[in-house]
Every structure is written in structure tokens, then in C-alpha cells.
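**Q** Dropping a structure here in C-alpha cells format, bear with me for questions.
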Amino acid sequence: MKIFISCGEPSGDLHAASLIRALRRRIPSAEFVGFGGPRMAEAGGTLLYPLVDLAVMWIAHVLRNLHVFIGLLRRADRYFAEERPDAVVLIDYPGFNWQLARRAKAAGIPVFYFVPPQIWAWAGWRVEKVRKFVDHVLCALPFEADWYRERGVEGAHYIGHPYFDELATRVLDEQFLAEQRSRPGRVVALLPGSRMQEVERNFPMMIRAAAALAPRRSDARFVVACLDDRRLARCAELLAAEPAAAGLPIELYAARTPELIRLADVCWAVSGSVSLELMAEALPTVIVYKMGAAHLRLARKMLQVRYITLVNLLAGRELMPEYATSGDASAEMARHATDWLGDEAERRRVSDELAALRDRFAAPGATDRAAETIARLVAPAPTAPRGPHRPMRVPASRDDRLEHAG
């Protein structure tokens, strides 16, 4: 059995790796091939292209890489025709994956969307594509399955968010935590995003927020959680170029996000699925998302929900203050951090509310439920066992038959 997987973002790469492991427990002989990233490869998937390295946002960046996307779609077409995978599993990354779903459907291959894009929030009209090209939508959020079914998508199943599975099995570096805890001061974590474009837009604003907070809290130290060494190098360049950074106690770390979240007293984070991890840690957080003015106007016109943050959507109110902006929200970020660091009762109240929300929604098991659904619908049913048995005795003559009957 062959299963084709496509993911184009670091979080999707993480989900793909977990799904491969869960499917292999159920279908040991299965092969996994597709577009993804290093975690998917580490889990045993064969990468036809490292799509995670091409994580892009907004139309201008897509157009600059259009020739690459077209080439990948043609490559997928050839693979579908020649190898005939038993299923195609898509993980978020809607622009490219919609086109992949169209081609898989045309080839007669079942299509599963694992962690579907949040079209209910910003592009409800795209549900028509789901009806046409996706057989099964494995929904991450409690209200998604009903939303899809109300719009004619019968194959929608609520399974939960795989992020909570990964959090449940994550092992933190206790030596690193102990070293950090031995140092004095209150810790402010800065999470500038996983995409390079997010880092470039949001990190300078975070630096300015740190510069605004530092005079008020001389005991604050700032730790920056970079996805990898490449993002760390870019953050170092942005830090050196920002005049407000002079003299600030800012430290950059690569691949230490879980540990820095655990250490922090408060956090500033770019909007994304990491908000679920921040909820799981009950960490008071300000969510930001900076974009160009034209993109912000377009986003506000398309947005169909009140909040941009998953945690606030689950809560139905603003537990994490959020700022989608084309300007500078550094003053607001510093103000919230000042309030939380200066009023422990208020910081604890926010943390307790996040913990209560976590206890309602952060249930692990989503990846296993997804794997079970895919295996059940794709894997062939086992044939009924034959033998050993006693064959019926066939009499040699009529007399034998009468004797046998008597």
C-alpha cells in the first residue's frame, strides 16, 4: 500500500510525521511518499520535494515561485498515473493542496484532508472545492465537522487537533531548563513565527516592544524562540539592524521553543497553531500578526469570524489579546506584559482561565483517530480464514449413501 502525503509548513511536517508513525502501527507494510519536510523524512516518508522549505504567504510570494508549484503539480500527476497510490493525505497549505486534491480526484484516488484549512474563518465559499475534490475531512476543531456537514460535506469527521498529541509526547531538555532557572529575572518569550516572511515582519516590532518594556522592568530578560538556525541567523540580522535593540538583554535560541515557553512568565507570539501550545502551558500571551496595509484590508474583508487566534475562537472571547496590524503594536504588547508582570494575581487569573480552556479541549488521540479512519477506509478488508476443517464424506455408491443416511 502507498499513501501520498503533502504538507508545506513546519507544523504540517510535524503532523505528517506523527501520522506516518500511527499509520505504520496499523499497516506495517505501507509506503509513504510525497511533499513535506525533514520530520516527515525522519518518520520514514520518501520526499519527492522538500515543500516545507518553500513555505510562502500572499500572492506576490506565490507568483515568484509559481514555476516551482507548477512543476510539482506535474510531478504529482505523473506519480498518480504511474504509481497509483491508495490514498492522498493533504495537511493544511490550501493554495497548493487544492490543486493537488483536484488532480488526485481526477485520477480516482481517495483524498483525505488532515487538519483542513480554516475556510470557515476567511473563505467559506471554498467549501465548494471540498465538496468536489475531498472525500474525507478530518477536522481539528470541535465545530468544524458540523460546519462542513451543514454545507454538504458528508465525509467530515471531528478527530481533534494533532498538536496535542505531539505536546503529550514531547520531552523537554531538563538540563537546559535548570540552567535557565538558575538565572535571575522574569522571562519574556518572543515567538516570531515559523515562516521567514512572518519573522521579517513581526520580529522588529517585538524588539521595539522589548525596548518599551525594559525601562519599566529592569528584571526582565527576553528570549527568542527561533524555529531553526536559519531563522536564528535572520533574527540576529534584524536585531543588529534595529536601533531600539541597543543594550537590551535579548538572547536568541534555535529549536528551543518548548523549553522557552515552559520558562516564560509572559509571551509575545505570532498568530498560528503555536497558540495551542501556549494554551496548553497556560502562558499569558499577546498574539500579533503584522502584514502590509493592502493585505490587512483584504484580510479584514474576507475574515468571517471575530478572532484570528485559535485559542480565542475556542474560548469565544479574547483570552489572548490579539493585534492584526499593518502598523506597530509594540506599545500595546509592552503594556500587557507590564500589567501581567506587575500584578501576579492578574497574571494568575489569565493563566487559570487558559488552563480551564486547555482542560476542555486539549485531549490527545487525534492522530490515532485520523490513522484509524484512513486505515479503515483505505486498507483492504481481511479475507475470511479457511481451514482446517473436516470435509464432507462423499459416498462411493447408492448403498453407501443409504448406509450413511441410516
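A short reminder: the numbers here are calculations on the coordinates, not readings from a lab. As the structure is a prediction and not an experimental result, all values here were calculated from the model. Neighbour counts run over all protein chains shown; Cβ positions are idealised from the backbone, glycine included.
**Q** Which of Asn202, Asn312, Asn65 moves the most in a Gaussian network model of the chain with Cα springs under 10 Å?
**A** Largest GNM mean-square fluctuation: Asn65.
**Q** If the viscosity is 1.567 mPa s and the temperature 4 °C, what translational diffusion coefficient in µm²/s does Stokes-Einstein give for the chain when Rh comes from Kirkwood over Cα pairs?
**A** 56
**Q** Same structure again: Filter the GluC sites (Glu not before Pro) in the range 97-172 to those in DSSP coil with at most 14 other Cβ atoms within 10 Å of their Cβ, and list the result.
**A** Here the GluC sites (Glu not before Pro) that fit, given the DSSP loop and packing criteria, are Glu154.
**Q** Nearest 500 deg cm²/dmol is fine: what mean residue ellipticity at 222 nm does the chain get from its DSSP H runs of n ≥ 4 alone, each adding -39,500 (n - 2.57), divided by its residue count?
**A** Mean residue ellipticity, 222 nm, calculated: -15000 deg cm²/dmol.
**Q** How big is the range 172-361 along each principal axis, measuring the range of its Cα positions in Å and listing the largest first?
**A** Here the spans come out as 46, 39, 30 Å, largest first.
**Q** Rounded to two decimals, what ratio of Rg to Rh does the range 183-243 give with C-alpha atoms and a Kirkwood Rh?
**A** 0.98
**Q** With the chain treated as a Gaussian network of Cα nodes joined by springs under 10 Å, which of Ala379, Ala294, Ala264 yields the largest mean-square fluctuation?
**A** Ala294
**Q** Mind jotting down the distance between the C-alpha centroids of the range 99-142 and the range 330-382, whole Å?
**A** 24
**Q** Here is a further query. What lysines does Lys132 reach when the alpha-carbon gap must be under 29 Å and sequence neighbours fewer than 8 apart in one chain are set aside?
**A** By straight Cα distance, Lys132 reaches Lys2, Lys105, Lys301.
**Q** Taking only Cα atoms of the range 292-373, what ratio of Rg to Rh do you get with Rh as the Kirkwood inverse-distance radius?
**A** Result for the range 292-373 is an Rg/Rh of 1.08.
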